[in-house]
Amino acid sequence: MIDLHVHSTNSDGSETPEELVLRGRQTGLTALALTDHDNMGGAEEFLNACRTQGMTGIAGVEISADVEEGHGTLHILGYGVNPKHPVVAVNLGRVLDGRAWRNERILEKLNGLGLELEWAEVQALAGEDVVGRPHFAQALIDRGHVSSVADAFDRFLAKGCPAYVDRYRLCPEEGIRMICEAGGVAVMAHPFSWEPDEAKLEAGLSELKAVGLAGIEALYSEHTPEQTVALLRVAKKLDLLTTGGSDYHGRTKPDIALGKGFGSLCVPDAYLPPLLNALGSGNPWVYLK
Ligand code: AMP
Ligand code: ZN
Ligand code: FE
Ligand code: FE
């Protein structure tokens, strides 16, 4: 069993890359891919832990791409990406700067709504991590402005709410090209979150394949059996490879277990060779046990 979609403290997961590898071993996984949101800061720690623990590991990333009106969220997984490649450094740097800009606007809006809150309180909650809306939500709870994270999102932070601010995202083509240029393989994560209609999804995937998309995440915690079957069908039709992962976040999403998702997920080892094959041999951002 393998898990090719996992978040660490380098984005919004609660465990460090090393802790993830240890948990992976305890769970009996044979391979793991680290896929933090728009961030590859954990790649080296992750691969070192894989070497130490003797587990196959792939350094990856999950890019939140900009979507056209009418679509849901589009996340692109990049596997075996060189985090030091200039195109990666520049693009992920832009995304990070965009977050800093956005965080300032969110705070201004919250303050403008009469909610007292200081930047230092939000930052303290994030520690070394990148500040995101969940930290704002927690800070609002700590101040007594809201009753829960859900309350914070529903009233202030969710899209369309008074303190929502959009952030800079790469467009899908930029994300895919970046991954390919940096020696990686691009795979669309949880494809139905982008487009729930199978025919429309197929058309969209076909266009992205022309840009360099190599696969889709067919096995995923939140997919129904029918959705999994549909994705396997689409992948076969378009000659895309298939991957699978839990989207483990640790305490941040406590219902999702590493490797097992909500309990019934199992990504067989057989899903690994096609991905490794697409990555080619000698990729330094992949550790093969
Ligand atoms: P950000 O990357 O700063 O935009 O924050 C995104 C994170 O906020 C996601 O990973 C979710 O964990 C969390 N989030 C987004 N929408 C909601 C919501 N409606 N309720 C609770 N958490 C949410
Ligand atoms: Zn996340
Ligand atoms: Fe995602
Ligand atoms: Fe994810």
**Qualifying residues in the stretch 61-115 (those that are charged (D, E, K, R) and within 16 Å of the chain's Cα centre (by Cα)) - the one farthest from Ser8 (Cα to Cα)** = Asp66
**Message:** Being in contact with a Leu (Cβ under 8 Å, 6 or more places away or on another chain) and not in a helix (DSSP H, G or I): is that true of Ile63 here?
**Reply:** yes
**Complete:** Within the stretch 10-60, residues farther than 27 Å from Arg99 by Cβ and in a loop (DSSP other than H, G, I, E, B) come out as Gly28, Leu29, Thr30, Gly54, Met55
**Item:** Within the stretch 69-124, tally of residues that are more than 24 Å from Pro191 (Cα to Cα) and in a helix (DSSP H, G or I)
**Value:** 29
**Prompt:** Can you find even one residue in the stretch 7-16 that is touching a strand residue (DSSP E or B) at 6+ places or on another chain (Cβ under 8 Å) and either without any contact (Cβ under 8 Å) to a residue 24 or more places away in the chain or more than 16 Å from ligand 1 (Cβ to nearest atom) (or both)?
**Reply:** no
**Pairs where the first residue, in the stretch 18-39, is at positive phi and the second is within 16 Å of ligand 2 (Cβ to nearest atom) and of a type in the set (A, V, I, L, M), C-beta under 8 Å, 6+ apart** = Asp38/Val61; Asp38/Ile63; Asp38/Leu92; Asp38/Val95; Asp38/Leu96
**Asked** Within the stretch 242-289, how many residues turn out to be charged (D, E, K, R) and farther than 15 Å from Met1 by Cα?
**Response** 3
**Prompt:** Looking at the stretch 147-176, which of its residues are surrounded by 16 or more Cβ atoms within 10 Å (Cβ to Cβ) and either within 16 Å of ligand 3 (Cβ to nearest atom) or among the small types (Gly, Ala, Ser) (or both)?
**Reply:** Ala152, Ala163, Arg167, Arg169, Leu170, Pro172, Gly175, Ile176
**Request:** Specify which of the listed residues (Leu113, Leu117) is out of contact with any strand residue (DSSP E or B) (no Cβ under 9 Å at 6 or more places or on another chain), surrounded by fewer than 16 Cβ atoms within 10 Å (Cβ to Cβ) and among the aliphatic types (A, V, I, L, M).
**Result:** Leu113
**Message:** Residues that are under 20 Å from the mean Cα position of the chain (by Cα), over 22 Å from Pro172 (Cβ atoms), at pLDDT 95 or above and within 16 Å of ligand 1 (Cβ to nearest atom): does the stretch 230-248 have at least one?
**Reply:** yes
**Asked** Among the residues of the stretch 120-129, is there at least one that is loosely packed, with under 15 Cβ neighbours inside 10 Å and among the hydrophobic types (A, V, I, L, M, F, W, C)?
**Response** yes
**Fill in**
Taking the stretch 115-146 and keeping only residues that are within 16 Å of ligand 3 (Cβ to nearest atom) and not charged (D, E, K, R), one is left with Val130, Gly132, Pro134
**Fill in**
Taking the stretch 57-91 and keeping only residues that are within 12 Å of Gly41 (Cα to Cα), of a type in the set (Gly, Ala, Ser) and in contact (Cβ under 8 Å) with a residue 60 or more places away in the chain, one is left with Ala59, Gly60
**Asked** What are the residue pairs meeting all of these: first residue in the stretch 192-207, first residue within 15 Å of Arg233 (Cα to Cα), second residue among the β-branched types (Val, Ile, Thr) and surrounded by 13 or more Cβ atoms within 10 Å (Cβ to Cβ), Cβ atoms under 8 Å, and 6 or more apart or on different chains?
**Response** Glu198/Val234; Leu201/Val234; Glu202/Val234; Leu205/Ile216; Leu205/Val234
**Among (1) in contact with an Asp or Glu (Cβ under 9 Å, 6 or more places away or on another chain); (2) buried (at least 19 other Cβ atoms within 10 Å of the Cβ); (3) at pLDDT 95 or above; (4) in a helix (DSSP H, G or I), the one test that His135 misses** = (3)
**Prompt:** For Ala203, all conditions in the list (1) closer than 24 Å to His7 by Cα; (2) at pLDDT 95 or above hold save one; what is the number of the exception?
**Reply:** (1)
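The values are calculated or read from the model by the stated rules, or taken from the named source; none is laboratory data. The structure presented is a predicted model; accordingly, all values stated were derived computationally and were not measured. A quick note on method: Cβ atoms are made from the backbone with ideal geometry, for glycine too, and the neighbour counts reach across all protein chains shown.
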